[in-house]
Amino acid sequence: MTKLKVRSIDFSWIVAAVMITVAIGGNVFFTAEAAADVDEALEIERIPRNPLVDSITVRLDFAVDTLCLIADPANSLDAFLAELEKLMSGEDTVVNIVHLGDSHTQAGFYTGQIMRTLQEVFGNAGRGWISPLKLAKINEPKDYFITSNVNNWIAGRCIQAELKCPIGPGAVGISSESDNIDFTIRIAPVNGVGYAFNQAVMYRDSNAVPMLPKATDTTATFVCWGDNSSAADIATDTFRLANETDELTLQSVKRFGTAKSVNCYFGFSLTNGNPGILYHAVGQNGAMFSHYLRPDYFSRLALLKPSLLVVSLGTNESFAGARFRAELFESQVDSLVKLVRAAMPETAILLTTPAESFRRINKRYERNKVIGQISSILCKYAEKEQLACFDVYTATGGEQSCLNWEKAGLLGRDHVHYNAEGYAKQGKMLSKALIRMMLNRENELASDE
């Protein structure tokens with residue numbers, strides 16, 4: 001039987017809350033301080049999950065199954081693996097993973113497969129981070145929609161030399177001078193199955209007008225307009241719902257004394273209140289290591305509180321061809337790692353290498369030889385800096401493997417990206433490597449007893 005233990009709560013905030021409720025039309029509103037008084041501490045009897053098994057099948061004839069392993073000689077992922085063990089033992093906790101990358105990540109096929117595979121094993125805590133990518137006029141994963149009454153958003157993206165708008169944890173931001181704004185968040189009916197949510201956290205510029213659930217939406221039971229976060233100029237607003245839903249509409253509320261300004265919004269995190277994995281995918285088309293080297297970016301990404309940061313970059317650097325400079329590339333990798341360590345010292349880092357693909361030269365597709373060089377640099381750097389690394393390049397066949405990807409029908413039309421099936425196979429490989437790492441850790445702990 002589930003055991004609940006609820007601590008005593010100070011209800012002195014209720015009178016003020018009722019007054020505010022009347023003022024803003026029936027929605028319950030609290031400040032961040034009041035929210036701390038409302039939270040309940042629950043002790044739930046642990047229900048252990050099924051034992052881990054190495055059962056993920058990829059079915060790639062040219063892949064090397066024995067190389068589907070994460071190299072981590074310094075055991076840098078031990079703290080993260082210990083958190084996964086808590087989930088396996090039935091502890092009521094949430095483990096955050098952020099996957100940072102380029103267009104391979106932005107499309108959502110690769111990271112979506114990893115998210116679902118890991119959540120099947122460790123528990124589904126929700127969809128996690130979603131960015132307003134279509135509102136920024138770029139492609140968006142197919143399992144959610146973010147729409148708005150505003151059509152003329154100004155978009156800031158990490159790949160811009162001069163940002164047109166500040167960017168948030170998702171490396172994108174959208175801004176408008178309108179103070180009459182709404183957002184509708186909707187989980188896709190087929191692709192988003194399993195991601196109904198009962199809490200949405202909105203990330204916005206602290207000067208942007210805050211929002212409330214639509215007046216006709218009576219499911220909202222709790223609204224918390226947050227104070228400025230530790231990241232410069234970002235506020236987080238929490239909307240809790242009485243029941244899980246696939247859709248939520250938010251409408252701007254003009255605060256008393258708020259001067260008219262540009263309103264900038266960054267995205268949402270969707271959760272369901274269950275223990276498990278939150279897999280936050282962040283990617284931008286065309287992104288390279290250098291594009292994320294912004295002084296304040298990783299302090300904003302840190303708001304997602306990742307226990308593990310997976311970094312999947314390097315494909316776009318490979319298009320430099322003969323102009324590629326190994327020393328410059330490694331220095332950019334090093335700069336990113338240093339920024340991560342400074343902003344998120346408790347976060348483990350997992351570098352991944354890109355799988356081999358083609359590049360177009362004189363209207364012909366030729367094997368992109370630089371990807372092998374980039375993969376080698378990433379592996380050697382990870383070993384030198386005692387970071388974990390998953391060598392996707394080698395595990396998927398290494399040199400000449402792009403010919404096999406093409407023959408198997410797993411590449412996209414541009415011969416650089418993969419199709420949905422190809423990304424799914426790569427996602428299963430990374431998931432398999434993580435689970436194998438967990439199994440190896442279990443065996444090592446058992447042998448020490």
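Scan the range 188-208 for residues that are open to solvent by 10 Å² or more (accessible area, probe 1.4 Å) and on the phi < 0 side of the Ramachandran plot and the total you get is 12.
A residue that is open to solvent by 60 Å² or more (accessible area, probe 1.4 Å), among the hydrophobic types (A, V, I, L, M, F, W, C) and either in contact with a His (Cβ under 9 Å, 6 or more places away or on another chain) or touching a residue at least 24 places away in the same chain (Cβ under 8 Å) (or both) occurs somewhere in the range 337-352. Residues in the range 74-96: is at least one at pLDDT below 95, in a helix (DSSP H, G or I) and among the charged types (D, E, K, R)? Looking through the range 74-96, none of the residues is at pLDDT below 95, in a helix (DSSP H, G or I) and among the charged types (D, E, K, R). For the range 124-180, the strands (runs of 3 or more DSSP E) that sit wholly inside it and include 2 or more residues that are β-branched (V, I, T) and open to solvent by less than 20 Å² (accessible area, probe 1.4 Å) are 172-176.
Taking first residues from the range 394-410 that are within 20 Å of T352 (Cα to Cα) and hydrophobic (A, V, I, L, M, F, W, C) and partners that are open to solvent by 60 Å² or more (accessible area, probe 1.4 Å) and part of a helix (DSSP H, G or I), the Cβ contacts under 7 Å between residues at least 6 apart in sequence or on separate chains come to A395/L67; L410/E421. All conditions in (1) open to solvent by 10 Å² or more (accessible area, probe 1.4 Å); (2) among the aliphatic types (A, V, I, L, M); (3) not in a helix (DSSP H, G or I) hold for L303, with the sole exception of (3). Do you know which residues across the range 100-109 are open to solvent by less than 10 Å² (accessible area, probe 1.4 Å) and either modelled with pLDDT under 95 or part of a helix (DSSP H, G or I) (or both)? Once the filter is applied, which keeps residues that are open to solvent by less than 10 Å² (accessible area, probe 1.4 Å) and either modelled with pLDDT under 95 or part of a helix (DSSP H, G or I) (or both), the range 100-109 yields T105, Q106. Quick check on the range 174-186. Is at least one of its residues under 23 Å from L303 (Cβ atoms), β-branched (V, I, T) and in contact with a Cys (Cβ under 7 Å, 6 or more places away or on another chain)? Yes; the residues of the range 174-186 include at least one that is under 23 Å from L303 (Cβ atoms), β-branched (V, I, T) and in contact with a Cys (Cβ under 7 Å, 6 or more places away or on another chain). Against the criterion of being under 27 Å from T57 (Cβ atoms), open to solvent by 10 Å² or more (accessible area, probe 1.4 Å) and of a type in the set (A, V, I, L, M, F, W, C), A71 qualifies.
Only one of the numbered conditions (1) surrounded by fewer than 18 Cβ atoms within 10 Å (Cβ to Cβ); (2) among the hydrophobic types (A, V, I, L, M, F, W, C); (3) closer than 17 Å to G427 by Cβ is violated by I114, and that is (1).
Conditions tested, residue by residue: (1) open to solvent by less than 10 Å² (accessible area, probe 1.4 Å); (2) at pLDDT below 95; (3) not in a strand (DSSP E or B).
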| site | (1), (2), (3) |
| --- | --- |
| T221 | no, yes, no |
| S230 | no, yes, yes |
| E317 | no, no, yes |
| A322 | no, yes, yes |
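Kindly evaluate R49 against the criterion of being of a type in the set (K, R), surrounded by 13 or more Cβ atoms within 10 Å (Cβ to Cβ), modelled with pLDDT of 50 or more and farther than 26 Å from M344 by Cβ. So R49 passes the test.
The values are calculated or read from the model by the stated rules, or taken from the named source; none is laboratory data. Given the structure is predicted, the values throughout are model-derived calculations rather than measurements. Every residue, glycine among them, receives a Cβ derived from its backbone with ideal geometry; neighbour counts consider all protein chains shown. The area values use the complete protein model at the heavy-atom level, side chains included, leaving out ligands, DNA and RNA. Shrake-Rupley method; radii C 1.70, N 1.55, O 1.52, S 1.80 Å.
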